[in-house]
Every structure is written in structure tokens, then in C-alpha cells.
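Worksheet: one structure, shown below.
Values quoted throughout were computed directly from the atomic coordinates according to the rules given, and no laboratory measurement underlies them. Because the structure is predicted, anything quoted here is derived from the model rather than measured.
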Amino acid sequence: MRRGATLKTKTEQRLILDRKMVPLHSTLTWDLDRCVGCQIGPLVCPKDAILHVPAVLENGRLVKKASVDIDAEKCVFCGMCTVMCPTHAITMTVNGKEEVPVQKFEAFPLLIESNKFNRAAFDMSRKDFVIENCPANVISYDAAADTLKVDQKYCIRCRQCEVASDGAFTVVQPWQGSVTLRQERCVEGCRACADICPTRALHLDESGELVLADYYCIKCGACMQVCPVKAQVETYAVPYEYAGTTYTREHERITNLEELPIVVERWRIGHTEVQSGAWIAALIRLADDKAGELEIDRKRALKRRDLLVALKGGRALLEK
């Protein structure tokens, strides 16, 4: 392979792009087990190098989940996909160290997200319940300190630990938005959205019925991608100004919104300040036109019985 060319390697679990240049050696790695084919990567990529690989369904259930593929010749190793991936399935290294060029050169911000644990407010008898209900498996028990620890790198901010711990965890999600389920629009017998959902926002209850626990949604949109009732879109030009110059960017608008069984909308994202045309262009492609809406209130969510019942073992805990 000539120096500067990109080597692509793909297995069932990993997709790796590797480019050796002087003096940079850049590597992008997709953990395909974490990837849910959510479409955020293809949307944010400035070179359209990320390709959506559709899911395979049989009788309304997921046989093979959606994923991504990469056009290695188009990828410029900017790292935008790494920043925006909601399940932290992508990592990037430069010369062997984790680094995201668009953030290093201040073309992209840091996302405002966190998961904090208040040990003093926690009933330790619930520690196994909390650990069991972390879909990303990032919460563990530190016996020496008698506390719970969170692997912040891979936490997907689903907020199930908030409800499971009765508020001892406080989670800040980067995206604000909404998710709406219209079961009357569903294809009969289809449960693919519950199969792909990386949190428990969409799940099957004890009777096998599809249920939405909206508070757990991370706005990835994987459910819309796998749903057999597809969104129809139209494109329109959106003007924006940067550094005194007006640019235009194409944006997609769903035209059959009322026909869709599941709709995820992303209104705004918390981030550090940055002056960048690349970031503005990414937001135009990712966010919907509802910046004035309000996020779900945390205090009310912690008191909702349906959110507790949605957790593994939640009904039994509620009945005690």
C-alpha cells in the first residue's frame, strides 16, 4: 500500500480505517457491536463518506441490525463522526494517541454531557439493580470505596441509572428533543424498533406490547432507520452566515410525519462555544426547527411509575 493511501479492514465486530502519512498516522475504529446504524454519522460527515447499511428484518423482528460502511477514498479523518456518535462506537487516534482533529483545531466544540453520582443520596441495597439496568454496562461497584463508578467514555447518557437509583445519579444528555410513538401506525407484529433501541426507551412490556419510555431516549434515531414505514423527505436550502459571508446548506424535511409510527426530533444540543462554519453546517443537517421546545423535566420523570416499571426488575421493586 502506498504511503498516504487509506487501508480499510472490516470484520463482524470492527471497521478500521488506517492512513499513514508523514508525520501523521491516523486511525478511525468503529465498534460495530456498539453501532446501531443511527444515521447521525452519515448526516454529519462533510464528505458523505459514511454509508448507511440497512437492517434485515424477518416477521417484524430484527435479524441483522443496521450498521455503517465507509468509503475510504472520501474519508478525510476529520473526526466529526467521533464527536457526534451517540453510542460512542467510534474512536480516533493520531500517532497512537486518542485525538479528534476538528476539536483540536477548534472547528468542533465539546459536547456538554455528564453522569454524576451522589453516594450520600444512594441506598446501596439497590446497587445491583442499578448495575443490571445500565444498557452500556459502564456502571460498576468499587468495593474498596463502597461506591459506584461510571466509565464516562462509554456512558451513553440514557438516564436509566437516574430512575433506578431514585435520583442518586444525575445525567446531562447532549441532545434535547422528543420521541413520539403512534402504535396505530405500526406494521402489525413489528417490534424492530424495540430490538434496535440502545436504551429502554422502546421496549416490550410483560405482555409483549410495544412501550415508549420517553425519558430514556438519547435521540439517536435508530428506531426510525429500522422502521419499515419509511420517512419521505424533501430538501431545501438553508442560508447561514459565517465570518461575514452567507452560505447555503441543504437540509432535509420529513413530508409524511403524521404517517410514521415513531418520530425522533432533535431540537438543540449543549456544547461549548465555538466559531466554526463546519459546526454550523453540521447542526443544520442534524437538528430540527424546534429550538423553542422544552426538555422533559427530571423531577417529574423520577416519580413516573412507568419509567421504573420499564427497568429490568422494576415492577418487582415497585411492588415491595
Amide H within-cut-off set for ILE70, under 5 Å, with H built and near neighbours excluded: LEU51
Need one number for the chain: average projected area of the convex hull over its C-alpha atoms, nm². 19.0
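Using a/c under 1.5 as the rounded threshold, could you call the range 222-320 rounded, prolate or oblate? The axes a ≥ b ≥ c are square roots of the C-alpha gyration tensor eigenvalues, and prolate needs a/b larger than b/c, oblate otherwise. Write down the numbers at each step before the final one.
Numbers: a/c = 3.44, a/b = 1.76, b/c = 1.95.
In terms of gyration-tensor shape, oblate.
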Hey, what angle do you get for helix 277-286 against the long axis of the chain, alpha-carbon based, 0 to 90 degrees rounded to 10? 50
Provide the per-residue ³J(HN,Hα) series for the range 172-188, in order, calculated from phi with Karplus coefficients 6.51, -1.76, 1.60 and θ = phi - 60°, each as a whole number of Hz, with x at glycine and proline positions. 10, 8, x, 8, 10, x, 8, 9, 10, 10, 10, 5, 5, 8, 5, 5, 4
Would you mind computing Rg(Cα) / (2.2 N^0.38 Å) for the range 115-170, counting N as its residues? 0.97
Which three lengths, in whole Å and largest first, does the range 147-189 cover when its Cα atoms are put on their principal axes? 45, 21, 17
Amide H contacts under 5 Å for HIS271, placed H, 5+ residues apart: ILE112
Most fluctuating residue given options GLY37, GLY244, GLY96, as computed from a GNM of the chain linking Cα atoms under 10 Å: GLY244
Pairs from LYS74/LYS97; LYS153/LYS230; LYS8/LYS219 whose Cα-Cα separation, in the structure shown, is over 25 Å: LYS153/LYS230; LYS8/LYS219
